[in-house]
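Comments concern the structure below.
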Amino acid sequence: MTAPLIYLDNAATTPVDPRVARLMMDFLTEDGTFANPASRSHMAGWLAEQAVEGGRRQVADTIGADPREIVWTSGATEADNLALTGYMRAHRDKGHHLVTSSIEHKAVIDTAMALEAEGFEVTWLAPDHEGRIAPESVQNALRSDTTLVSLMSVNNELGTENDLMAIGRIVHAHGAVFHVDAAQAVGKTPIDVQHLPVDMMSLSAHKAYGPKGIGALFVRRGLQIEPLIHGGGHERGMRSGTLPTHQIVGMGEAFRLAGEDYARDHDHLHILNARFREGLAALTGTHVHSPLMGSVPNIINVGFKGVEGESLIMALRKLAISTGSACNSASVDPSYVLTGIGVPREDALASIRFSFGRFTREQDIDDALAELSHALTTLRA
Ligand SMILES: *Cc1c(COP(=O)(O)O)cnc(C)c1O
């Protein structure tokens, strides 16, 4: 395998920003701040703890939270598991009904299914044709025994945004708790839990130019959740395990930069988005699944007519892109997100997610369009 020439898979993961990588180096080696942040008996431990708390403040500041509301996890997957399972188990006496949607990330879907197997009940909301959950459908799904609603901020395959304000108000008026998977949101759309009616929020570093393997769950003060990982009682008992100082410092800096560079990143992504959409419009037989309004600028999901999905992917080997389809031993399953918004199976199989980032250049867009044009012409001939 040769390295992909054009990386357009930033919604899968982003490269670590060099400013973040450089900083992380200071928290690993003997001459750095490598000690256990839980070590209370020496200066080295205190310095590591200071670094961890600095990262916590940066992550909290980026989303408008209090540092005491941030629980470190290994990523958004673990944060989703902790939010859903931790909350439902801790509030069994109040109710056992959870509301979520059929196009959530697998980290939420599979956790909700595991809760079903545990005896909880789940209502799976269907999205509209753009991938949005209508606030009214949330309203209609609420029952007297509903304790939790979990919906994503930005859909990872489409880029479509949910109306967190409208949905959160409905959930709160009902007396239930609202969890939001915001893994794709940081740096792409404004997030402020001071104003949003959101009680828990899952975050990931590696979708925002931080390292893989670190994330956080925002848990609003006073909210009780049961831990999934037991041990030394770190993170006020909510998540035990020695904290990875270098990862935390990396996530803190990445989130700080997401805030600091927000306007520049956003403008850049909008330029790339417009350029790519313009180029796509000039190609025949393309259909953009991602809505123009109410979506983030870094994700464009496109369907191609008159070609076979697998052949198209094969012909686009110079592009690092994602199909959202899952390969099971014998067959390929289309993306459940695309079929979930009503895209026919065959069209879903011939659809590709292009996702841009801070380090994508306009030239990358032009090169990708040229590759696409060439592949489509060849395959349709
Ligand atoms: C990437 C992603 C996750 C998983 O995050 P990790 O940090 O990789 O565990 C969860 N939800 C959404 C929406 C994502 O895009």
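Data table
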| quantity | calculated |
| --- | --- |
| Hydrodynamic radius (Kirkwood) for segment 126-269, which is based on Cα pairs only, to one decimal in Å | 16.7 Å |
| Residue (of Ile103, Met113, Ala134) at the positive-pole extreme of segment 88-140, dipole from beta-carbon charges | Met113 |
| Projected area, mean over directions - segment 173-221, Cα convex hull, nm² | 3.9 nm² |
| Range in the chain, longest, excluding exposed trypsin sites (Lys or Arg not before Pro) [loop by DSSP; at most 16 other beta-carbon atoms within 10 Å] | 222-304 |
| Normalised contact order of the chain, rounded percent, pairs of Cα under 8 Å and 6 or more residues apart | 23 percent |
| Loop sites in segment 9-65: GluC sites (Glu not before Pro), DSSP, at most 14 other Cβ within 10 Å | Glu30 |
| Residue-span extension gain [His287 to Ala263] - 0.36 nm each, minus C-alpha spacing | 5.7 nm |
| Length gained when the stretch Ala117-Glu346 is fully extended (0.36 nm per residue, less Cα-Cα span) | 79.2 nm |
| Accessible-area composition of segment 18-260, carbon plus sulfur, in percent [1.4 Å probe] | 52 percent |
| Built amide H within the under 5 Å cut-off of Val288, gap 5+ | Gly303 |
| Only Lys, Arg (+1) and Asp, Glu (-1) charged, at Cβ; the chain dipole about Cα centre in debye | 260 debye |
| Once exposed loop chymotrypsin sites (Phe, Trp or Tyr not before Pro) are cut out (DSSP; at most 15 other Cβ, 10 Å), longest piece of the chain | 35-358 |
| Rg to Rh quotient for the chain, alpha carbon positions, Kirkwood Rh | 0.98 |
| Additional length obtainable on full extension of the chain from His42 to Thr29, 0.36 nm per residue less Cα span | 3.0 nm |
| Of Trp46, Trp72, Leu5, farthest towards positive along the dipole that unit charges on Lys, Arg, Asp, Glu beta carbons give the chain | Trp46 |
| Probe 1.4 Å, all protein chains present, accessible-area order of Ser150, Ser295, largest first | Ser295, Ser150 |
| ³J(HN,Hα), Karplus 6.51/-1.76/1.60, whole Hz, each residue of segment 364-381, x for Gly, Pro | 4, 5, 4, 5, 5, 5, 5, 4, 4, 4, 4, 4, 5, 4, 5, 5, 7, 5 |
| Accessible area expressed per residue, segment 18-260, with surrounding protein chains retained (probe 1.4 Å, Å²) | 40 Å² |
| Summed residue charge, Cβ within 14 Å of Glu69's Cβ, Lys/Arg positive, Asp/Glu negative | +1 |
| 15 Å beta-carbon shell around Thr123, net charge (K/R +1, D/E -1) | -4 |
| Spatially close lysines, pair count over the chain: Cα under 20 Å, gap of eight or more or interchain | 4 |
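The values are calculated or read from the model by the stated rules, or taken from the named source; none is laboratory data. Note that the structure is a prediction, hence the values are computed from the model and not measured. Counting neighbours? That spans all protein chains shown, and the Cβs are built from the backbone with ideal geometry, glycine included. Remember, those area values only see protein heavy atoms, side chains included, never the ligands or the DNA or RNA. Shrake-Rupley method; radii C 1.70, N 1.55, O 1.52, S 1.80 Å.
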